[in-house]
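What follows is a set of notes on a single structure, which appears directly below.
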Amino acid sequence: MKILVTGFDPFGGDAINPAIEAVKLLPNTIKDAEIIKVEIPTVFHKSGDVLLDAMRTHEPDMVLAIGQAGGRSGLTPERVAINEDDARIPDNEGNQPIDVVIHEDGAPAYFSTLPIKAMTQAIRDAGLPASVSNTAGTFVCNHIMYQALYYAHKEFPKTKAGFMHIPFMTEQVVDRPDQPSMSLQDMSRGIEVAIEAMIDFKDKEDIKMVGGKTH
């Protein structure tokens, strides 16, 4: 089994992005599954091009994209991605699409095909805060989740895909004293146990449990 895990490069004036840093800390093998780690740019559409190239090269069984959501206190597997770019700030190349459809031939939204409730429970069982999120926003995080599911739907029907947000890392909140944070090691551990759940539930129905937030 092969699992492609992506993380964004720094954006929004930060010198570091815990998304890619946490991904780098992942082991190369989890439960006998090969973990393929790819850094993607925080750029509309270019991020999708890098992802598509990686999916075509490696033909993964599953794709998990990781992004930062400053202000959240836990790890949050995302339920749904919408077919809309509506950027509050420019991306890393100055693009700022407002109310722009990602793919004209795509569905209005795609739901994650990963076991998001099992992932959430696994993270909690590891002693870390987690909840299901019902909005991935409208910036590049939602964009790449939508792209992953669009590509899976159009070209890789056997590939499951989804997205998870992580908080600020501790070093990022030195000058943001009111913002929650988590250590990089804990975030990477949370991603690792989420991947373990993905593997365990690959051919099983997701668990039924209460737990979902919109922010």
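The values are calculated or read from the model by the stated rules, or taken from the named source; none is laboratory data. On a predicted model such as this, the values are computed, not experimentally measured, just so you know. Cβ atoms come from the backbone with ideal geometry, glycine included; neighbour counts cover every protein chain shown. All accessible areas refer to the heavy atoms of the entire protein, side chains included, with ligands and DNA or RNA removed. Shrake-Rupley method; radii C 1.70, N 1.55, O 1.52, S 1.80 Å.
Overview of results
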| read-out | value |
| --- | --- |
| Residue pairs meeting the criteria (Cβ under 7 Å; at least 6 apart or on separate chains; first farther than 24 Å from Asp53 by Cβ and free of Cβ contacts under 8 Å to residues at least 24 places away in the same chain, in segment 5-29; second of a type in the set (Asp, Glu) and assigned to a loop (DSSP other than H, G, I, E, B)) | none |
| Residue ID - farthest from Gly13 (Cα to Cα), chosen from residues in segment 184-204 that are at pLDDT 95 or above and loosely packed, with under 15 Cβ neighbours inside 10 Å | Asp200 |
| From the options Ile144, Ile116, Ile82, residue that is in contact (Cβ under 8 Å) with a residue 24 or more places away in the chain and touching a helix residue (DSSP H, G or I) at 6+ places or on another chain (Cβ under 6 Å) | Ile144 |
| Residues (more than 13 Å from Leu4 (Cβ to Cβ) and either modelled with pLDDT under 95 or open to solvent by 20 Å² or more (accessible area, probe 1.4 Å) (or both)) located in segment 152-167 | His153, Lys154, Glu155, Pro157, Lys158 |
| Considering residues of segment 1-30 that are part of a strand (DSSP E or B) and open to solvent by 10 Å² or more (accessible area, probe 1.4 Å) only, the residue nearest to Pro90 (Cα to Cα) | Lys2 |
| Wholly enclosed strands (runs of 3 or more DSSP E) of segment 33-111 bearing at least 3 residues open to solvent by 10 Å² or more (accessible area, probe 1.4 Å) | 33-40, 109-111 |
